[in-house]
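Below is one structure; the comments refer to it alone.
The values are calculated or read from the model by the stated rules, or taken from the named source; none is laboratory data. Keep in mind that this is a model prediction, so the values were computed, not measured. Every residue, glycine among them, receives a Cβ derived from its backbone with ideal geometry; neighbour counts consider all protein chains shown. The accessibility values were calculated without ligands, DNA or RNA, using every heavy atom of the protein model including side chains. Shrake-Rupley method; radii C 1.70, N 1.55, O 1.52, S 1.80 Å.
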Amino acid sequence: MAEAVISVVVERLANLLIGEVFLLKGVRAEFERLQKELVSIQGFLKTVDSIHNQDPSFRIWVADRRKRYDTTNVRERTISSNTSELLLRRSYPHQRDDDIIGLEVQKNRLMAELSKEDDRLCVVSIYGMGGSGKTTLAKEVYNHQNIKSHFDSYAWTSISQQMNARAVLQEILRKVGNTPSSETGSMQEVELVEKIHAILERKRYLVVLDDIWNTKDWDVLEPAFPKRKGSKIMFTTRNKEVAEHADRWSYHCEPRSLTNDEAWELLCKKALNVADSRCFFSSDKEKCGRAMVKKCGGLPLAIVVLGGLLASKRSLDEWETVSKQIETIGMRNGKDDDVVLSILSLSYIELPYHLKPLFLYLGLFPEDFNIPVKNVVHMWIAESLIIGQDGETIEEVGRHYLDELIHRCMVQIGQKSLGGERVKTCRLHDKMRDLSIDIGKKENFFEVISHQSSKPSSSSAPCSKLRRCSIYIEEEGKEYVFPKHLTPCLRTVFLNVNRSFPNIVYKDFKLLKVLEIQVDGYIEGGKEFYEVLMKLRNLRYLRVNGVIILSSNVMHQLRHVYGVQIRLSKIDKMTGLQTLRHVNAGPWMTDLLKLTNLEKLGIRFLDEEESRLLTIAISCGLDKLLSLTVLGGNDELSSDLLEAISMKHHLQKLWLCGKVNKFPSQFPSNLIKLSIYLKFSENLLEDPMPTLEKLQHLLSLELWNLYYGKQMVCSAKGFPKLQHLKIWCFFQLEEWTIERGAMACLTTCETYKCEKLKMVPQGFRFLTRLQELKIINMPTSFEKRVKEGGEDWETVKHIPSITTVKTKPSTSERINWYL
């Protein structure tokens, strides 16, 4: 882990020497000597990196420095892995359905069970050990077109070992009731249960509870699910007792182990991205590979990780070396049969030195957490775990490193970005996270502190000072004490909080660079929290789901700030900011032009004067801005502001909310995502589509209450790249025409409370790529039209998933503001 830090120091010393900053006699020579010394340390650390993971005695040897970094003997013991020749393949194996092997029979049986019209609520389950393919099988069934069309409503949620019942219920409600987070955030468990039950009692539904660990979790969730005929719950669990506790009479499936041939086929796909290996392997190499596969015991996770490990290996010698290493690690762990642990450990050992701290860092995130890629890359940068390279930005380097971890099958893809070109979120398999936590503690890289202990345990690594920690606080009012000798060394702190803000005693985090507070709900820290915050002079990344008060006098190192309401006094010294979301408008905006590095800005509650200041800043500067959110107050969003925004052609994402007198005549030409939420728009009678459909790069469009006309037309060749469309609250809309050739790439469409719309546009029959149609809070007569046998059935029958949802009208109809 030290090598990443050494790299940064060497680079910075080189920059200082090149710039001839140190002019005093003798100082330059001393710095050159120091630079050479650090380079020697760097080479030493690279050489022994893999060795000390294989031999525990090496930790002591490294701590005694081996007679001034002499690595001659070390090199003789080093086993070459050719990791530098890893091909950065652009296919993402975790998303490819054709990599699924040996599950067809069980998939068909599960689909048949789910499609039965039982007179009761049935709980079907998939049980088995970690890595046996439970979730993979569940996803294959859940996403099948026949299952999607069979049920009226469906939801998928992950439970994990420590279930947060409120969060699970909120996620289910959002999916079955299309309820925005702003409405579910304040609801308690009882309210959530009642709301879900009321929605589902009118539906034939399927809810998947992935990775449920114990019977009590099911007992807590069960009251939310009405005993409706034909409805189903599907579990994945490691404990058959949990499955039988929920439903003793339904089908319980244990994924079978892969046969030797199936396991070999899967390995070939992962190692070579091919199904037939006969053209690629010699008989000796195939024999070695089949021997390794046999040790995996037919367990898919072990085979997938082994395939990722072998993807960079070319020769028979290298394959035989991997085989020997697996055996060595297994014997040293005292668990000859624990092949999964051996392979996972080896996959970490085989990582290039620059990827190891990045993999370990992911273990800080909660179990089953969808990790936002852009956020974790910013965290890596804040900690100087990655450095820039020629021809690439440091952010691009971070994303490429994450891609490497994905291609090695150590990290899974969660969601893809708009257009599917980039990974938006990623996640760790439970066993990979366990490995990360175990190594992280041994290496003194980080430690997870659960609600069961009030103090971090002493590390087994040579140095006892804590560098990073992830704290889970479930009990309200719980006090956590950091020993004074530990806190000065902390670089990253994750606080995972249940509702109320925690009481952390001794907060001298003077070296802290990353602070992430994940809370179940909305918080506003007290005076003590802000006093501590103002002392964090090295903080570069801050994310709090609540109110943040900042001052530029001490926060000038910040690069990324996320909050629900950020309150600023001055920003004149915060010139390095790249992300500022979401900030309350105010007098500080007179210095907005000084934020020359700003890429993402979310600003709230603009009045007339603040709107003028934002107009000036956008017109005269903010040239790096890629994402802009503007939430107006009681005053209108001025035409000058909208015109200034429209000329910002490098903008890629734009959210507008407020009042406008006239719909804008143009928008930034390179937008890929546009969301417009308007209020008091009764005077907007001009069809917005002729303006919007000219946006050639637009992938996602969300429109709320911005048109009071009766007719709307999407013309041929309009919206050439649009994939996702939401039309909400077009209260007077009666006829919607979609011409042939319009929205040719559309995959999802959602209509909400367009109560006068008479019929589905006939042009839907031309939308051959449309996969999902959601119809929410529309008249019953409209819903009947899209059912089989209905008047519009011929128009929509090619769409795999058609969902109709009725929700109770909210009291405020507020929009979930991506907070």
Per residue, how much accessible area does segment 654-764 show when a 1.4 Å probe rolls over the protein heavy atoms, in square angstrom?
39 Å²
Under a 5 Å amide H to amide H cut-off, with H placed in plane at 1.01 Å, what residues pair with Val448 once short-range neighbours are removed?
Ser470
Taking a spot 7 Å from the Cα of Glu794 along the direction of its beta carbon, which residues of segment 755-786 have an amide N less than 14 Å from it?
762-766
Could you sort Asp792, Asp219 by their accessible area in this structure, using a 1.4 Å probe and putting the largest first?
Asp219, Asp792
Using mean Cβ contacts within 10 Å as the protection proxy, how do 708-717, 645-654 order, highest first?
645-654, 708-717
Reported to the nearest 10 Å², Trp588 has, with a 1.4 Å probe, an accessible area equal to 10 Å²
Accessible-area value, Arg612, 1.4 Å probe, nucleic acids and ligands omitted, Å²
110 Å²
If you stretched the chain out fully between Cys620 and Ile387, how much longer would it get, using 0.36 nm times the residue separation minus the C-alpha to C-alpha distance?
80.7 nm
Where nothing but the Cβ of Lys and Arg (+1) and of Asp and Glu (-1) is charged, how large is the charge dipole of segment 672-818 around its Cα centre, in debye to the nearest 20?
300 debye
Relative contact order, percent, segment 611-652 [alpha-carbon distance under 8 Å, six or more residues apart]:
63 percent
Assigned charges on the beta-carbon of Lys, Arg, Asp, Glu; segment 199-314 dipole about Cα centre (debye)
300 debye
Which order, highest average first, do 597-610, 680-693, 373-386 follow once you tally other Cβ atoms within 10 Å for each residue and take the mean per peptide?
373-386, 597-610, 680-693
Per the rule of 0.36 nm per residue minus the C-alpha distance, extending Lys535 to Glu320 adds in nm 72.0 nm
In the neighbourhood of Asn444 defined by beta carbon distances under 9 Å, the net charge of the other residues (Lys, Arg +1; Asp, Glu -1) is +2
Skipping prolines and chain starts, which residues have an amide H placed within reach, meaning under 5 Å, of the one on Gly414, given they are 5 or more residues away or on another chain?
Thr425, Cys426, Arg427
Report, in debye and to the nearest 20, how large the dipole of segment 661-715 comes out about its Cα centre when Lys and Arg carry +1 and Asp and Glu carry -1 on their Cβ.
80 debye
Arrange the residues Lys287, Lys227 by how much accessible surface each exposes, largest first, with a 1.4 angstrom probe.
Lys287, Lys227
So what is the relative contact order of segment 354-442, in percent, for Cα pairs below 8 Å that sit 6 or more residues apart?
38 percent
Along the dipole axis of segment 672-818 (charges at Cβ: +1 for Lys and Arg, -1 for Asp and Glu; origin at the Cα centre), the most positive-end residue among Met759, Leu698, Ser681 is Leu698
Taking a probe of 1.4 angstrom, what is the accessible area of Phe369 in Å², to the nearest 10?
60 Å²
Once normalised by the length of segment 725-788, the mean sequence separation of its alpha carbon contacts under 8 Å that are 6 or more apart gives a contact order in percent of 37 percent
For segment 354-442, what class follows from the C-alpha gyration tensor (a ≥ b ≥ c being the square roots of its eigenvalues): rounded when a/c is under 1.5, otherwise prolate if a/b is larger than b/c, else oblate?
oblate
Can you work out ³J(HN,Hα) from phi for every residue in segment 320-325, in order, using Karplus 6.51 cos²θ - 1.76 cosθ + 1.60 and θ = phi - 60°, giving whole Hz and x for Gly and Pro?
5, 4, 4, 4, 5, 5
Going by accessible area, probe 1.4 Å, with all protein chains left in place, what is the ranking of Val423, Val220, largest first?
Val220, Val423
Once Lys465 and Ser282 are pulled to full extension, the length gained, defined as 0.36 nm per residue separation minus their Cα-Cα distance, is 60.8 nm
